[in-house]
């Protein structure tokens, strides 16, 4: 069913035109939330269950020889959809994980030297189990950097869990869910988010935070320019949701943890984990950078 905070972050990611990574332990509703968001938009939905034996061609597609025509014909894979649900993405091999890089960065797929455009809008919603669970693979750093935001669900409060037991959302409510937004409306909202104004002082604030992470003695890898772009774009989407056509510093601050934490690598620690250590370091860095007024 998802917490209000998690749902809000999903909406911000959609309006920003990015991709979302939902990470948590099994059984808390990661797949149900991703499926509900995908069904709420009148778009082409594709679900891929990521497994260790999955090949890149199982996701991207393959060229098949047509005897009648005497030529190869491209058979598109499940990646050719508006919203792709990659369930348990870290249970497939790094080779298959990296097959998503081009699609997530450029909205295209290259097969046998030919580039095939993906539908517009295009979004990947991926779920993953904690990295230390059996049968999981670490996501490469460049793969993590393609996700605009990473969020967790956590366990529901007792009252919400009682409603989950009563409604059984995965088997009853989810299949009956009807779209509340047309694809053209989503595309229009994404364009409106792009048009939200960002003052030069706020851009300098984002760059100052990025530079502070890069020079931090506690971090081996700081925020990349792509990450700074993601933070700015998410701030635009947040302002649009709040009914403004301009960004304020709070729009940046509200998104720093879910947008930035998964892009950082702690010096001397594990490259990936639950992100708690990186979060505490990032919070200290943000407090040391003066926000514009």
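The values are calculated or read from the model by the stated rules, or taken from the named source; none is laboratory data. What you are looking at is a predicted structure, and each value in this text was computed from that prediction instead of being measured. Positions of Cβ are generated from backbone atoms using ideal geometry, with glycine treated the same way; all protein chains shown enter the neighbour counts.
Quick look at the values:
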quantity	calculated
Residues satisfying the stated conditions in the stretch 1-34, i.e. part of a loop (DSSP other than H, G, I, E, B), within 19 Å of residue 226 (Cα to Cα) and either touching a helix residue (DSSP H, G or I) at 6+ places or on another chain (Cβ under 6 Å) or assigned by TED's automatic domain parsing to the domain that holds residue 262 (or both)	17, 19
Any hit, the stretch 234-242, residues being out of contact with any helix residue (DSSP H, G or I) (no Cβ under 6 Å at 6 or more places or on another chain) and either touching a residue at least 24 places away in the same chain (Cβ under 8 Å) or at negative phi (or both)	yes
Residues (within 23 Å of residue 39 (Cα to Cα) and surrounded by 13 or more Cβ atoms within 10 Å (Cβ to Cβ)) located in the stretch 189-203	189, 190, 192, 193
Any hit, the stretch 81-91, residues being surrounded by fewer than 16 Cβ atoms within 10 Å (Cβ to Cβ), in the same structural domain as residue 61 (by TED's automatic domain parsing) and part of a loop (DSSP other than H, G, I, E, B)	no
Complete set of residues in the stretch 1-26 that are more than 21 Å from residue 191 (Cβ to Cβ) and within 8 Å of the chain's Cα centre (by Cα)	21, 22
Lone unmet requirement of (1) in a helix (DSSP H, G or I); (2) at pLDDT 90 or above; (3) in contact with a helix residue (DSSP H, G or I) (Cβ under 6 Å, 6 or more places away or on another chain) for residue 146	(1)
Only listed residue being assigned to a loop (DSSP other than H, G, I, E, B), surrounded by 18 or more Cβ atoms within 10 Å (Cβ to Cβ) and touching a residue at least 12 places away in the same chain (Cβ under 8 Å), chosen from 231, 257, 186, 223	223
Odd one out for residue 55, checked against (1) in contact (Cβ under 8 Å) with a residue 40 or more places away in the chain; (2) surrounded by 17 or more Cβ atoms within 10 Å (Cβ to Cβ)	(2)
Yes/no for residue 110 being under 21 Å from residue 75 (Cβ atoms) and in contact with a strand residue (DSSP E or B) (Cβ under 7 Å, 6 or more places away or on another chain)	no
Pairs with Cβ under 9 Å, 6+ apart, first in the stretch 152-179 and on the phi > 0 side of the Ramachandran plot, second modelled with pLDDT of 75 or more and surrounded by 11 or more Cβ atoms within 10 Å (Cβ to Cβ)	154/6; 154/24
Qualifying residue in the stretch 150-160 (condition: within 26 Å of residue 14 (Cβ to Cβ), within 17 Å of the chain's Cα centre (by Cα) and at pLDDT 90 or above)	yes
Failed item, numbered, when residue 277 is tested on (1) free of Cβ contacts under 8 Å to residues at least 12 places away in the same chain; (2) farther than 27 Å from residue 143 by Cβ	(2)
Among (1) modelled with pLDDT of 80 or more; (2) within 19 Å of the chain's Cα centre (by Cα) - the single one residue 55 does not satisfy	(2)
Any hit, the stretch 103-126, residues being over 19 Å from residue 230 (Cβ atoms), within 14 Å of the chain's Cα centre (by Cα) and surrounded by 19 or more Cβ atoms within 10 Å (Cβ to Cβ)	no
In the stretch 189-220, residue farthest from residue 266 (Cα to Cα) [restricted to those that are part of a loop (DSSP other than H, G, I, E, B) and under 23 Å from the mean Cα position of the chain (by Cα)]	195
Residues of the stretch 98-125 classified as over 14 Å from residue 59 (Cβ atoms) and assigned to a loop (DSSP other than H, G, I, E, B), total	6
